[in-house]
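The values are calculated or read from the model by the stated rules, or taken from the named source; none is laboratory data. Predicted model only: the values in this text are computed from it and were never measured. We place every Cβ from the backbone using ideal geometry, glycine too, and count neighbours over all the protein chains shown.
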Amino acid sequence: MERIRRTKSQAKKASMKKRAAIIGVALLLLGGFALLLTRPASTEDVAGRSGARLSDPTRVCMLQDNVQAQAGLEYEYQGKKYYLCCGGCLAAFKANAEQYRTGVDPVTSAKVDKALAPIYAYRGHAYFFASEESLAMFAQDPQRYVRASVH
Ligand SMILES: [Zn+2]
């Protein structure tokens with residue numbers, strides 16, 4: 001009788017462990033799903049979550065200001081090269097190039113030419129800077145400047 005009871009409680013413990021494991025996996029899946037939802041659908045976090053300077057401008061859609069997995073379409077405007085992720089963005093850029101060719105430095109608020117500006121990729125988004133100095137400031141604490149800007 002004693003032995004049976006012990007076995008029963010062991011079985012109960014094992015089943016509770018199993019249940020905890022299932023709940024753990026479910027939470028993990030839920031967390032992953034939430035993460036997917038909060039990320040823009042068309043971008044890839046190629047630079048890693050902490051961000052990095054982007055030396056390849058061909059990977060930036062300069063209409064959407066996001067980072068693409070592959071090189072985009074090249075568009076030459078006033079002797080400078082701009083990149084767009086698809087035909088739709090290219091057409092929209094062409095129609096209003098004077099507006100889209102510029103971005104705003106999130107640190108200094110200076111207007112910058114996207115074809116010339118140093119670029120920093122952070123969470124799939126491309127940020128353009130007036131100088132290497134403001135890029136370096138941004139890199140130290142991106143969240144501070146991202147929160148302040150209206151993206
Ligand atoms: Zn596009």
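Of note:
- Subset of the range 75-109 [of a type in the set (V, I, T) and under 21 Å from D56 (Cα atoms)]: T102, V104
- Selected residue (criterion: nearest to the chain's Cα centre (by Cα)) from residues of the range 110-123 that are under 17 Å from D141 (Cβ atoms) and assigned to a strand (DSSP E or B): Y122
- Of all residues making up the range 87-109, the number that are without any contact (Cβ under 8 Å) to a residue 24 or more places away in the chain and part of a loop (DSSP other than H, G, I, E, B): 2
- Considered as a group, the residues in the range 109-125 that are surrounded by fewer than 16 Cβ atoms within 10 Å (Cβ to Cβ) and in contact with a Ser or Thr (Cβ under 7 Å, 6 or more places away or on another chain) include one that is nearest to A69 (Cα to Cα), and that residue is D113.
- Taken together, A115, A121, A136 contain a single residue that is away from the ligand (no atom under 16 Å from the Cβ), without any contact (Cβ under 8 Å) to a residue 24 or more places away in the chain and of a type outside the set (D, E), which is A136.
- All conditions in (1) surrounded by 13 or more Cβ atoms within 10 Å (Cβ to Cβ); (2) away from the ligand (no atom under 16 Å from the Cβ) hold for Q68, with the sole exception of (2).
- Within the range 129-144, one or more residues are part of a loop (DSSP other than H, G, I, E, B), modelled with pLDDT of 95 or more and surrounded by 21 or more Cβ atoms within 10 Å (Cβ to Cβ).
- Meets criteria (among the aromatic types (F, W, Y) and under 20 Å from the mean Cα position of the chain (by Cα)) for Y75: no
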